[in-house]
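To keep things clear, I will list the structure first and then write my remarks on it.
The values are calculated or read from the model by the stated rules, or taken from the named source; none is laboratory data. Since the model is a prediction, treat every value here as computed from it, not as a measurement. All Cβ positions, glycine included, derive from the backbone under ideal geometry; neighbour counts span all protein chains shown. Quick note on the areas: whole protein, heavy atoms, side chains included, nothing else; ligands and nucleic acids left out. Shrake-Rupley method; radii C 1.70, N 1.55, O 1.52, S 1.80 Å.
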Amino acid sequence: PIVSCSWVPNPTITGTVPFTVISGRMPALASLHHGITGEPTFLFGRAHRNSVDISPHGRFLVVGGYGNLAGGMDFWDRNKGKMIPRHVILPGIGGGSDVNNECYVTIKEAADLTVTSSSPVVGHEWSPDSRTYLVSTTSPRMNVENGIHLYRYDGAMVEESRLPWDNSKYLPDKLLSAEYVPAPFPNTENNSNNSGKSEFYYYPDRPQSPAPKRYNELKG
């Protein structure tokens with residue numbers, strides 16, 4: 001059976017626009033397909049997943065398992081064909097209070113990169129700039145644990161203390177919906193870049209950010 005199917009939403013792609021499919025019984029197979037022949041061009045693998053959310057620029061995507069599934073999420077870079085490594089800062093590992101003594105580790109193993117939501121996921125979508133991913137638990141689908149959680153494009157959760165809202169105000173069943181405000185259209189009067197190509201997005205397409213330079217990488 002076909003569980004999910006969606007086009008990659010990037011009009012700047014040269015050649016054939018691909019699409020994603022989740023098919024089969026659980027654990028289902030997620031795959032990327034040629035937009036004309038339908039032939040699979042990349043396999044994301046099998047897992048308990050039923051949704052593929054592709055960022056507006058078509059670069060990043062989340063293969064997620066929502067609804068009756070456990071809420072697992074895999075963050076991928078479609079251009080590189082790999083799960084996105086995550087840099088985790090470990091404050092104070094180097095000793096002292098100086099930020100230069102703080103270290104970070106890079107998580108690369110697929111099993112360690114999978115993220116599981118702490119509450120049942122009802123709503124889920126990418127931000128217009130493709131840098132953050134929102135998941136929400138809302139009523140009337142779920143009448144407990146209502147709230148909104150934000151993840152960076154690599155799957156790192158944004159701390160609740162840094163969010164501009166207070167999830168405790170939505171408990172237990174006071175949140176009805178959570179969505180990003182769409183980005184405005186680019187300026188049509190000057191809708192071209194230096195290369196002469198038309199701009200389709202208000203925000204530029206950005207690749208993965210490099211590792212933090214002010215920290216020391218802890219290996220091993």
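I'm trying to understand the selection: among the residues of segment 119-141, which are without any contact (Cβ under 8 Å) to a residue 40 or more places away in the chain and surrounded by fewer than 18 Cβ atoms within 10 Å (Cβ to Cβ)?
Thr132, Ser139, Pro140, Arg141, listed by residue number.
Can you find a residue in segment 39-58 that is at pLDDT below 90, open to solvent by 30 Å² or more (accessible area, probe 1.4 Å) and of a type in the set (Asp, Glu)?
Scanning segment 39-58, I find no residue that is at pLDDT below 90, open to solvent by 30 Å² or more (accessible area, probe 1.4 Å) and of a type in the set (Asp, Glu), so the answer is no.
Could you please give the count of residues in segment 167-186 that are surrounded by 10 or more Cβ atoms within 10 Å (Cβ to Cβ) and free of Cβ contacts under 8 Å to residues at least 40 places away in the same chain?
Count: 11.
Within segment 142-155, work out how many residues are in a strand (DSSP E or B) and open to solvent by less than 30 Å² (accessible area, probe 1.4 Å).
Our first condition is that a residue be in a strand (DSSP E or B); within segment 142-155, this holds for 147-152.
Checking which are open to solvent by less than 30 Å² (accessible area, probe 1.4 Å) leaves us with 147-151.
Count: 5.
Given the residues Gly58, Gly35, which is the only one that is touching a residue at least 40 places away in the same chain (Cβ under 8 Å) and in a loop (DSSP other than H, G, I, E, B)?
Numbers: Gly35 fails: touching a residue at least 40 places away in the same chain (Cβ under 8 Å).
Sole residue among the options that is touching a residue at least 40 places away in the same chain (Cβ under 8 Å) and in a loop (DSSP other than H, G, I, E, B): Gly58.
Criterion first (open to solvent by 70 Å² or more (accessible area, probe 1.4 Å), under 27 Å from Val88 (Cβ atoms), in contact with a Ser or Thr (Cβ under 8 Å, 6 or more places away or on another chain) and modelled with pLDDT under 90) does Glu217 satisfy it? Can you show your working first?
Details: open to solvent by 70 Å² or more (accessible area, probe 1.4 Å): yes; under 27 Å from Val88 (Cβ atoms): yes; in contact with a Ser or Thr (Cβ under 8 Å, 6 or more places away or on another chain): yes; modelled with pLDDT under 90: yes.
Yes, satisfied.
So which residues in segment 59-73 are at pLDDT 90 or above and either among the polar types (S, T, N, Q) or open to solvent by 20 Å² or more (accessible area, probe 1.4 Å) (or both), if there are any at all?
Selection gives Arg59 alone.
Looking only at segment 6-32, how many residues end up being in a strand (DSSP E or B) and either under 25 Å from Val122 (Cβ atoms) or touching a Gly at 6+ places or on another chain (Cβ under 6 Å) (or both)? Even if it seems obvious, please write down each step before you answer.
Taking segment 6-32 and keeping what is in a strand (DSSP E or B), we get 6-7, 19-23, 28-32.
Next, only the ones that are either under 25 Å from Val122 (Cβ atoms) or touching a Gly at 6+ places or on another chain (Cβ under 6 Å) (or both) stay: 6-7, 19-23, 28-30.
Counting residues in segment 6-32 that are in a strand (DSSP E or B) and either under 25 Å from Val122 (Cβ atoms) or touching a Gly at 6+ places or on another chain (Cβ under 6 Å) (or both) gives 10.
Go through (1) modelled with pLDDT of 90 or more; (2) in contact with a Ser or Thr (Cβ under 8 Å, 6 or more places away or on another chain) and name the single condition Pro128 misses.
Against the list (1) modelled with pLDDT of 90 or more; (2) in contact with a Ser or Thr (Cβ under 8 Å, 6 or more places away or on another chain), Pro128 comes up short only on (2).
What's the total number of residues in segment 90-113 that are modelled with pLDDT of 55 or more, in a loop (DSSP other than H, G, I, E, B) and over 15 Å from Ala211 (Cα atoms)?
Count: 3.
With the structure loaded, tell me whether Ser31 is in contact with a strand residue (DSSP E or B) (Cβ under 6 Å, 6 or more places away or on another chain), open to solvent by less than 70 Å² (accessible area, probe 1.4 Å), more than 18 Å from Asp154 (Cα to Cα) and not aromatic (Phe, Trp, Tyr) or whether it fails that test.
Values: in contact with a strand residue (DSSP E or B) (Cβ under 6 Å, 6 or more places away or on another chain): yes; open to solvent by less than 70 Å² (accessible area, probe 1.4 Å): yes; more than 18 Å from Asp154 (Cα to Cα): yes; not aromatic (Phe, Trp, Tyr): yes.
For Ser31, the condition - in contact with a strand residue (DSSP E or B) (Cβ under 6 Å, 6 or more places away or on another chain), open to solvent by less than 70 Å² (accessible area, probe 1.4 Å), more than 18 Å from Asp154 (Cα to Cα) and not aromatic (Phe, Trp, Tyr) - is met.
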